[in-house]
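Peer 1: Got a structure for you, written out below as structure tokens; questions coming shortly.
Taken together, the values in this text are just the output of simple stated rules run on the coordinates, not laboratory data. Computed from a predicted structure; not experimentally measured. When we count neighbours, we look across all protein chains shown, and the Cβ atoms used for this are built from the backbone with ideal geometry, even at glycine.
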Amino acid sequence: MPDIAIVGAGISGLHLALRLQQTGITTTVYTERSAEEVAAGRPSNLPVRFGRTRQRERDLGVAHWDQPENDTHGVNLVAPGDPGIHFFGRLDEPASGIDFRLYLPRLTADYQERGGRVEPLRPEVAEIDRISRHHDLVVVASGRAATGLFPRDPARSPYTEPQRVLTAGLFRGIAPSDPGWIHFQVTEVGEIFSTRILTADGPVHGMVVEALPGGPLEQLAAYDHAKDQSGFERTLLKLVADHAPELRERITESDFGLARAGDVVQGGITPTVRESWATLPSGRIALALGDAWVVNDPLTGQGANLGSRSAFALAALITDGPPFDEVFARRVADRLWGIAEPVVAWSNLNIGPPPEHLGEIFATATAVPRVADAFVNNFNDPAAMWDAIKSPADAATWLSKNTQGQDV
């Protein structure tokens, strides 16, 4: 029976560990932060898990947050223009937002309660090589550990710097929507998202501001929220009023503020695809997974979902058995890139100059609810989304299919 080392205890590493555990394969998870440190730390991201990821959680027996009150039922998209864009698309399978400071420690506990081992590890190549000598295969699912091990793949990484400047946080004082939805505001200076996020303290709202560099939303990313929290909150509220007035209507000013001091993430993400495997000095193969392999801008909300799906696909390949050699690594690379490529292409399209054919889809969705529903459901099926939007011809075909019998 193989023995697998998994470096990183994010969603990719834990879903892989839990899935392999179900098959009886021995695994050890190595992590630079304990579950207690994750729970007590600052938020790292605000993931929304779509229906297929939630089903994988059920398959793993870790669907601890499957209650109806945690469901997100659709996407409310608003964009300026003449005429303006505004549609609500309903998800066939509800999504759900959760604070990973709650999610990851619970999944780590599940893994350990079922006999899994968790060990501390510094994310350096020498350390990864050291542990590889005690395992048949190493899977690296930590972005920090990827540095120096998996080079950037320039053919699949068109950007060399962030295309958005990000500010994200957890907030109180935003009224729930009915039904629960992701508010997706497109503006000429960036995008603003908000949705319900379950935390250890109960439900709050996550907000993500994706600023175009040089625009008015960018100031948030440089604001010292620790030094002047109330000023940060006032500035954010003013920007929401200016650029997402529908969302502003749901905010009670006297109640609005960070859920906890420090509940803010600021910075920029350079979309990157790295080489998916490497041969360590030990002769063992190291595979890249999750953030160690692919980092997308969060605009399309696919990071956690891609990590989970890739973990399940890799688990199936590992279960087929050794040898875990270069032939195996290339087979893994082909299989996982088939999953990741639509997500990468879709994400990169959205952070580039606005494509006219995507605007046509939005305009039609505003007029035809069936198109709105079909578009939003593609968030749960990235391959179908990319097939629908990758070119003007594909968008026209997709619209024709989804407007048959409709007045447009």
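Peer 1: Helix 303-319 versus the longest principal axis of the chain: what is the Cα-based angle in degrees, 0 to 90, to the nearest 10?
Peer 2: Approximately 30 degrees, to the nearest 10.
Peer 1: Over the chain, what is the mean sequence separation of C-alpha contacts under 8 Å (at least six apart), divided by residue count, expressed as relative contact order in percent?
Peer 2: 21 percent
Peer 1: Among Tyr111, Tyr223, which comes first, then next, by fewest other beta-carbon atoms within 10 Å? Provide the component values of the computation, followed by the final result.
Peer 2: Working: Tyr111 24, Tyr223 18.
If I rank by nearby Cβ atoms, fewest first, I get Tyr223, Tyr111.
Peer 1: While we're on this one: If I fit a long axis through the Cα atoms of helix 229-243 and take the longest principal axis of the Cα atoms of the chain, what angle between them do I get, 0 to 90°, rounded to 10?
Peer 2: Rounded to the nearest ten degrees, it is 60.
Peer 1: Just to check I understand the Karplus step: with θ = phi - 60° and J = 6.51 cos²θ - 1.76 cosθ + 1.60, what whole-Hz values come out for the range 72-89, glycine and proline as x?
Peer 2: 10, 9, x, 10, 9, 9, 10, 9, x, x, 9, x, x, 9, 7, 8, 10, x
Peer 1: Grab the DSSP H runs of the chain that are 4 residues or longer, score each as -39,500 (n - 2.57), total them, divide by all residues and round the 222 nm result to the nearest 500 deg cm²/dmol.
Peer 2: That comes out to -12000 deg cm²/dmol.
Peer 1: While we're looking at this one, here's another question. Normalise the Debye intensity by I(0) for the range 288-408, one equal point scatterer per Cα, no solvent, then take log10 at q = 0.13 Å⁻¹ and round to two decimals.
Peer 2: Evaluating at q = 0.13 Å⁻¹ gives log10 I(q)/I(0) of -0.60.
Peer 1: Counting residues in the range 356-402 as N, plug N into 2.2 N^0.38 Å and put the Cα Rg over that result.
Peer 2: Working it through for the range 356-402, the quotient is 0.99.
Peer 1: Students often forget the sequence filter, so: which lysines lie under 19 Å Cα-Cα from Lys401 once same-chain residues fewer than 8 apart are removed?
Peer 2: Lys390
Peer 1: Something else now. Hey, how many Å between the Cα centroid of the range 316-364 and the Cα centroid of the range 222-298?
Peer 2: So the separation of the two Cα centres works out to 22 Å.
Peer 1: Just Leu236, Leu46, Leu77 to compare: in a GNM of the chain, with alpha carbon springs under 10 Å, which one fluctuates most?
Peer 2: Maximum fluctuation in the GNM of the chain, among the listed residues, is at Leu236.
Peer 1: Right, here's the next one. Please list the equivalent ellipsoid semi-axes of the range 176-236, computed as the square roots of five times the alpha-carbon gyration tensor eigenvalues, in descending order and whole angstrom.
Peer 2: On the way: eigenvalues 101, 64, 12 Å².
Semi-axes (√(5λ), whole Å): 22, 18, 8.
Peer 1: For the range 210-278, which GluC sites (Glu not before Pro) are in a loop by DSSP, counting at most 16 other Cβ atoms within 10 Å?
Peer 2: Answer in residue order: Glu249, Glu253, Glu275.
Peer 1: Between the range 79-108 and the range 142-176, how far is it from one alpha carbon centroid to the other, in angstrom?
Peer 2: Taking the Cα centre of the range 142-176 as reference, the centre of the range 79-108 is 18 Å away.
Peer 1: In the chain, if the dipole is taken from +1 on Lys/Arg beta carbons and -1 on Asp/Glu beta carbons about the Cα centre, which of Val273, Asn296, Leu60 is farthest to the positive end?
Peer 2: Highest projection toward the positive end goes to Leu60.
Peer 1: Another question, if that's okay. Going toward the positive end of the dipole of the chain, with +1 on Lys and Arg Cβ and -1 on Asp and Glu Cβ, which of Ala221, His183, Leu317 do you reach last?
Peer 2: Ranked along the dipole, the leading option is Leu317.
Peer 1: How about Lys238: which aspartates and glutamates have a C-alpha closer than 14 Å to its C-alpha, ignoring those fewer than 8 places off in the same chain?
Peer 2: Glu218, Glu246, Glu249, Glu253
Peer 1: Return the equivalent ellipsoid semi-axes of the range 165-268 as a descending list in whole Å, where each equals the square root of 5 times an eigenvalue of the C-alpha gyration tensor.
Peer 2: After diagonalising the Cα gyration tensor, the semi-axes are 19, 17, 12 Å.
Peer 1: Now, a different point. In degrees between 0 and 90, to the nearest 10, how far off the longest principal axis of the chain does helix 392-402 point, with axes built from Cα atoms?
Peer 2: Approximately 80 degrees, to the nearest 10.
Peer 1: In what order do Val327, Val240 fall by count of nearby beta-carbon atoms within 10 Å, going from fewest to most?
Peer 2: In increasing order of surrounding Cβ atoms, one gets Val327, Val240.
Peer 1: Okay, next question. For volume of the Cα convex hull per residue in Å³, pick the label among [x] 141; [y] 126; [z] 189 that corresponds to the value derived from the coordinates.
Peer 2: Checked against the structure: label [x].
Peer 1: Shifting gears a bit: Just how large is the dipole of the chain about the Cα centre, in debye to the nearest 20, putting +1 at every Lys and Arg Cβ and -1 at every Asp and Glu Cβ? Show your work: numbers first, answer last.
Peer 2: Numbers: 37 positive and 52 negative charges, 163 e Å.
With only Lys, Arg, Asp and Glu charged at Cβ, the dipole is about 780 debye.
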